[in-house]
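Presented below is the structure to which this report refers.
The values are calculated or read from the model by the stated rules, or taken from the named source; none is laboratory data. Here the structure is a predicted model, which means the values were calculated and not measured. Because the Cβ atoms are built from the backbone with ideal geometry, glycine has one as well, and the counts that use them run over all protein chains shown. When the accessible area is computed, the model is the full protein with side chains, heavy atoms only, and any ligands, DNA or RNA have been set aside. Shrake-Rupley method; radii C 1.70, N 1.55, O 1.52, S 1.80 Å.
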Amino acid sequence: MPRIPSPLIAFLALSSTLVAETPASNTSDWNGFEKLDFEVAGRAALIVKPTSAADGKPWIWRTEFFGHEPQGDIALLGNGWHVAYFKVSDMYGAPSAIDLMEQFHQHVMKEFGLAKRAVLEGFSRGGLYAVNFAATHPDQTAALYLDAPVLDIRSWPGGKGAAKGDARCWAQALELYGLTEETAREFKGNPLDRLEPIALARIPILCVVGDADKVVPLAENTAILEQRYKALGGKIEVIVKPGVDHHPHSLKDPQPIVDFILANALH
C-alpha cells in the first residue's frame, strides 16, 4: 500500500476539522414555509422562503416583532414573497440602527438574490425603523406598511404627549440619538420630519391604526403623517379600526393589506 506523505495527512486532518466545525444551516418550519436563521453583524436575522418565488424575488421586511399577528406575512408568502427580519431591538430607529439595517439589506440581496427594493413593515416602534430606513434609502424601499406605528420618539417612548411613555426606553433613545431632555424638544430627526425624500421617491404608504390607541396615540403619529404626506403629494391610505387600542395589530382578514402591497409596491 503506498505511503501517504505526512504533509498531506496533516492537510486532510485540518480539512476534516474545518468541515466538522462549520455550522449547518439553521432551518426550520414557519407556518408551512422554510425559515432560515443566520447572523449579520453579530445580530440575529432570518428569511422565510415562499414555496415558489415571484418574479424578481420581492420581499417584505418586518422591522420589529417578527411573528406577531403574522397573517399579512403568511398571505404574501403564498403570493411568492420572501419575509425577512433583522434584530435591531432597543435602537429606536436611530442612525446606528439604520447603518446596521443597510448591512442586512446588502447581505440578503447578495446571498438570497432578493429585490433591491423591500417593503418595510413597521409594527408599533418598528415604525421608527421602517420610515427612517426609507428616508435614508428611498431607492431601496418599495412601500411602507405601518401598523399602529411610532413616528415621533417624544410621543413614545418619551410620553411627552397624551401617552404615558416608557422611562427606560426613553433614556435609551436619548442616548442613541445623542439627545437630552432639553434638546429633544426641538429634535427634527423623527420620521415625521423626514418624509420629503420618501414622497419624492413616490413610495406608497399604508397605515393600519386603532382610533383609541392609548400607547401610540393616533393624533400624535399617524394623523400627522397622513396630513404631511398628502401635502407633499405622497400616496397614503389609512385604515382606521374604530374603538381599537394599540392591540390587536393588523387585520383579522389581511386581504386589504396584501392587495395594497401587491398593487402599489415599487419595483
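Taking every DSSP helix (H) stretch of at least 4 residues in the chain, weighting each as -39,500 (n - 2.57) and dividing the sum by the residue count yields a mean residue ellipticity at 222 nm of -10500 deg cm²/dmol. Given a 1.4 Å probe and the protein chains as shown, R194 ends up with an accessible area of around 70 Å². A protection proxy built from the mean count of other Cβ atoms within 10 Å ranks the segments 254-263, 180-189, most packed first, as 254-263, 180-189. In the context of the full protein assembly, D99 retains an accessible surface of approximately 100 Å², using a probe radius of 1.4 Å and ignoring ligands and nucleic acids. Take the Cα of K214, step 7 Å toward its Cβ, do the same at E111, and the gap between the two points is 4.3 nm. Peptides 76-88, 147-159 ranked from most to least packed by the mean count of surrounding Cβ atoms within 10 Å: 147-159, 76-88.
Once the chain from E175 to Q227 is taken as fully extended at 0.36 nm per residue, the excess over their C-alpha distance is 15.7 nm.
Local charge sum around P138 (other residues, Cβ-Cβ under 12 Å, Lys/Arg +1, Asp/Glu -1)? Summing Lys/Arg as +1 and Asp/Glu as -1 gives +2. Its Kirkwood hydrodynamic radius, worked out from the mean inverse distance over all distinct Cα pairs, puts the range 168-220 at 13.7 Å. What is the antiparallel percent of DSSP beta bridges lying wholly in the chain, to the nearest 5? So the antiparallel bridges amount to about 40 percent of the total. With a cut-off of 13 Å between beta carbons, the residues surrounding G32 carry a summed charge of -1, where Lys and Arg count +1 and Asp and Glu -1.
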